[in-house]
Number of protein chains: 2
Amino acid sequence: MSITIKDVAKKAGVSISTVSRVINSSKPVSSEIRQKVLKVIEETGYRPNPVARSLVMKKSQLIGVVVPDISNVFIGEILNGIEEIGKMYGYDILLCNTYGDLEEELRYLNLLRAKQVEGIIFMTWKLEEKLVEYLEKIDIPVALVNRNTSNLHIPSVSIDNFEAAYEMTKFLIENGHKKVALIRSSLDQNAFGLDQYNGYKKALEEHGLEINEELVKYGNWKLENSYEIVKEFIDEKVLPTAIFAASDEMAIGAINCLLDNGYKVPEDVSVVGFNDIKLASIYRPNLTTIHQPIYDIGAVAMRMIVKKINGEEIGNHVITLPHELMIRESSKNIE
Amino acid sequence: MSITIKDVAKKAGVSISTVSRVINSSKPVSSEIRQKVLKVIEETGYRPNPVARSLVMKKSQLIGVVVPDISNVFIGEILNGIEEIGKMYGYDILLCNTYGDLEEELRYLNLLRAKQVEGIIFMTWKLEEKLVEYLEKIDIPVALVNRNTSNLHIPSVSIDNFEAAYEMTKFLIENGHKKVALIRSSLDQNAFGLDQYNGYKKALEEHGLEINEELVKYGNWKLENSYEIVKEFIDEKVLPTAIFAASDEMAIGAINCLLDNGYKVPEDVSVVGFNDIKLASIYRPNLTTIHQPIYDIGAVAMRMIVKKINGEEIGNHVITLPHELMIRESSKNIE
DNA sequence: TTGTAGGCGTTATCAT
DNA sequence: ATGATAACGCCTACAA
């Protein structure tokens, strides 16, 4: 039986409201009584019950964070940013792992509202129409992460994936690569990775190269998966001179497949990634990739949520963080 | 203004107790009334408020999970197991990231109790004495993960780290390695990694090799860190013929440092890891490592917590899962 | 400045 | 089988 505000009140010889006032400093209390109450709190080790508090305040000090894969290192680093900023403001994290499944995402979104979370940070691979609808009219602060939403009415924090992919593809082309493969996520219009695809396309078009759909493959962001995709390239003898993987992990999967099949990187094939996770600059060959301020993406998203909770006006609801093309060892000029 | 049980009762023309009974099937309700209530619930989209429920039931359907580093892939996979099993039983996760800091760990533990979590899954690098005390007398179900506690009064789920490290070291020695370095976590007695150290020591002793403390280094489980440690070996010209890193990530950091300095793996130096994360079998050279059933560790821990919550008797409170020595490319017989 | 009392949404214990 | 009603622990008008 844990100690309650009532016990404190009794022990201090004051009313419940008074105790409430000193713990919340919501209204003035004579410093004499305050001291007395504080002392009792100290002695008894009393802690206000957050659940009861949530019930009456309709707040929970909880932020719901829904992600498609906790074991993805990119997501893990974003979570670090979210957690750390959240902690600064006294918010805790209710974690939801969806595996990118729409039903799960919807289920969790409902659950989170029921649990009175004060804000939601959302990340997914495929932003289905249903989700967009839901997120556009939800009545609690939401931030979409890693996805630009300038065309939607949902706040978001991400880099400019389109521009970044464009730069990367352009870089490869200007290094003499005429056959550039792209490994991105699934085909759907609303899938994360569409921006990358469009950036890739733009670069190709600008350089008068036609898009060979045979070279655009759809992965699931896993190492193992891109390994298999590259194996297909090899088996089908359509191996390009450069492979642009939409994540570093997929790039590494690709490189290993190439190595296992007797190809050299970057001598035979250039392989570039996206995200710049820590492994990218340690892996051998070091990955040419797009640097994202991963931690910051999470941090900024959380800060945005906190601001909204506090009713502070936030200027732009679509925040685009800077990215950078990191040219390292896994790509080569073949001109 | 969300709809409450009261609204449903009124709309269905029954008492709130009746509504409560149909949503919980706690007591018989005439099927006629049940249908009526169900219909109103359907129409109104009523969802019981979990917070109010928590308050009266003193339960929250929440499991607190505290980990030292979310972005660590090993931990990420454990979280997958925890989450998935938790979801099966209707439990959600309150995630706490501590960076392994004792103050944070203690703070979170208190917070979790206050939030009425029904169970706690705990993981840390250093199991400080204070934590042991706290965990031994906490009044809610706890499971320590990735750490054998046969000498403590805390339930746990892990592999036999001692035996695994022993096998690995023995394997290296029997492959002709007389100078085997160990990169493990910090020096403290209670640090995770002590079991590995002891296993390592036993193997050396059994083979009449003396322990050269110069070859035992203390890392922080990060890639970058073990890279630096190996650099020290090289600079100090005490490079051994084999390096046993206490995690795959550290092994990869070690290998990359060797490669960057002109050494070949495993020709010049054998490097082995621990955990068998996915990357281990994709990385080149494939890592010789200890396979842990990572996902299962999380899953079993969660199942254990659920059982305890339900008051089911669980046999052994210290669960040891099987491990396996995976011999791959990063190690070599030099006899 | 302090205390009283009502209410937050549910569950559970009584009667009926 | 059903319905009042008292908790659960806390906050907050409203009174004093």
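Computed over every Cα-Cα pair of region A:206-247 and binned at 10 Å starting from 0, the pair-distance distribution P(r) comes out as 25, 55, 19, 2 percent. Fully extending the segment from A:Val56 to A:Ser17, taken as 0.36 nm per residue of separation minus the present Cα-Cα distance, adds 12.6 nm.
Using a cut-off of 13 Å between beta-carbons, work out the net charge of the residues near B:Val29 (Lys and Arg +1, Asp and Glu -1, B:Val29 not included). Summing Lys and Arg as +1 and Asp and Glu as -1 gives +3.
Find, to one decimal place in angstroms, the Kirkwood hydrodynamic radius of the protein assembly as shown, where the mean of 1/r is taken over every pair of different Cα atoms and then inverted. Kirkwood radius, the protein assembly as shown: 27.3 Å. Look at the stretch A:86-93: the mean tally of other chain Cβ atoms within 10 Å of its residues' Cβ atoms is 3.
Taking every DSSP beta bridge that has both ends in region A:98-231, the antiparallel portion is near 10%.
Bridges between two residues of chain A, per DSSP, are antiparallel at a rate of about 10%. For region A:5-57, a simple Cβ point-charge model (Lys and Arg +1, Asp and Glu -1, everything else neutral) yields a dipole of about 100 debye relative to the Cα centre. Relative to the longest principal axis of the Cα atoms of chain B, the long axis of helix B:73-88 lies at roughly 20 degrees.
Around the Cα centre of the protein assembly as shown, unit charges on the Cβ atoms of Lys, Arg, Asp and Glu (plus for the first two, minus for the last two) sum to a dipole of about 3820 debye. Take the cross-link list A:Lys59/A:Lys115; B:Lys59/B:Lys307; A:Lys264/A:Lys332; B:Lys27/B:Lys307; A:Lys115/B:Lys58; A:Lys115/B:Lys130 and give me the ones stretching past 21 Å between alpha-carbons. B:Lys27/B:Lys307; A:Lys115/B:Lys130, as the Cα separations exceed 21 Å there. The phi-based Karplus calculation (6.51 cos²θ - 1.76 cosθ + 1.60; θ = phi - 60°) puts the 3J(HN,Hα) values of region B:111-123 at 4, 4, 4, 4, 7, 6, 4, 8, x, 9, 10, 10, 9 Hz, whole numbers, x for Gly and Pro. A dipole drawn for the protein assembly as shown from +1 and -1 charges on Cβ atoms has a positive end, and of B:Asn275, A:Ser226, A:Gly13 the residue lying farthest that way is A:Gly13. Loop-located trypsin sites (Lys or Arg not before Pro) across region A:227-327 with a Cβ neighbour count of 15 or fewer within 10 Å are A:Lys237, A:Lys264, with loop assigned by DSSP.
Among the GluC sites (Glu not before Pro) found in region A:163-270, those both in a DSSP coil and sparsely packed, with 11 or fewer other Cβ atoms within 10 Å of their Cβ, are A:Glu210, A:Glu236, A:Glu267.
When DSSP beta bridges are restricted to pairs lying wholly in the protein assembly as shown, around 15% turn out antiparallel. Between A:Arg113 and B:Asn212, the simple spin-label model (points 7 angstrom out along Cα→Cβ) gives 6.6 nm.
Each of A:Ile309 and A:Ser31 was given a label point 7 Å from its Cα along the Cα-to-Cβ line. The distance between the two points is 3.2 nm. Under 1.5 on a/c is rounded, so check that first for region B:58-124, then, if it is not, pick prolate when a/b is larger than b/c and oblate when it is not; a ≥ b ≥ c are the square roots of the alpha carbon gyration tensor eigenvalues. Oblate is the answer for region B:58-124, as a/c is 1.5 or above yet b/c matches or exceeds a/b.
Each label was represented as a point 7 Å from its Cα along the Cα-to-Cβ direction; for A:Val238 and A:His153 these points are 4.2 nm apart. About its Cα centre, the dipole of chain A is roughly 2280 debye, where the only charges are +1 on Lys and Arg Cβ and -1 on Asp and Glu Cβ.
Only aspartates and glutamates eight or more places from B:Lys231 in sequence, or on another chain, were considered; those with a Cα closer than 19 Å are B:Glu213, B:Glu214, B:Asp248, B:Glu249, B:Asp260, B:Glu267, B:Asp268.
For A:Lys201, the lysines whose Cα comes closer than 16 Å to its Cα, not counting residues fewer than 8 places off in the same chain, are A:Lys170, A:Lys178, A:Lys179, A:Lys217.
Both radii were evaluated on the Cα set of region A:210-322; the Rg over Rh quotient, with Rh as the Kirkwood radius, amounts to 1.14. With the gyration tensor restricted to C-alpha atoms of region B:5-57, the semi-axes of the equivalent ellipsoid amount to 18, 13, 9 Å, longest first.
Per residue, the convex hull spanned by the alpha carbons of chain B comes to 160 Å³.
Helical content of chain A, expressed as a calculated mean residue ellipticity at 222 nm, amounts to -13500 deg cm²/dmol (DSSP H runs of 4 or more residues, -39,500 (n - 2.57) each, divided by residue number, nearest 500). Here the Karplus curve 6.51 cos²θ - 1.76 cosθ + 1.60, taken at θ = phi - 60°, turns the phi angles of region B:308-316 into couplings of 5, 4, 7, x, 6, 6, 10, x, 8 Hz, with x standing for Gly and Pro. Toward the positive end of the charge dipole of chain A, with +1 on the Cβ of Lys and Arg and -1 on the Cβ of Asp and Glu, the farthest Cα among A:Pro240, A:Ser330, A:Asn49 is that of A:Asn49. Think of the protein assembly as shown as a dipole: +1 on every Lys or Arg Cβ, -1 on every Asp or Glu Cβ, centred on the Cα centre; then among A:Val306, B:Ile290, B:Leu182, A:Val306 lies furthest on the positive end.
Read the figures in this text as sums done on the coordinates, not as results from a lab. A quick note: this is a predicted structure, and the numbers were derived from the prediction, not measured. For neighbour counting, all protein chains shown are included, and Cβ atoms are generated from backbone atoms with ideal geometry for every residue, glycine included.
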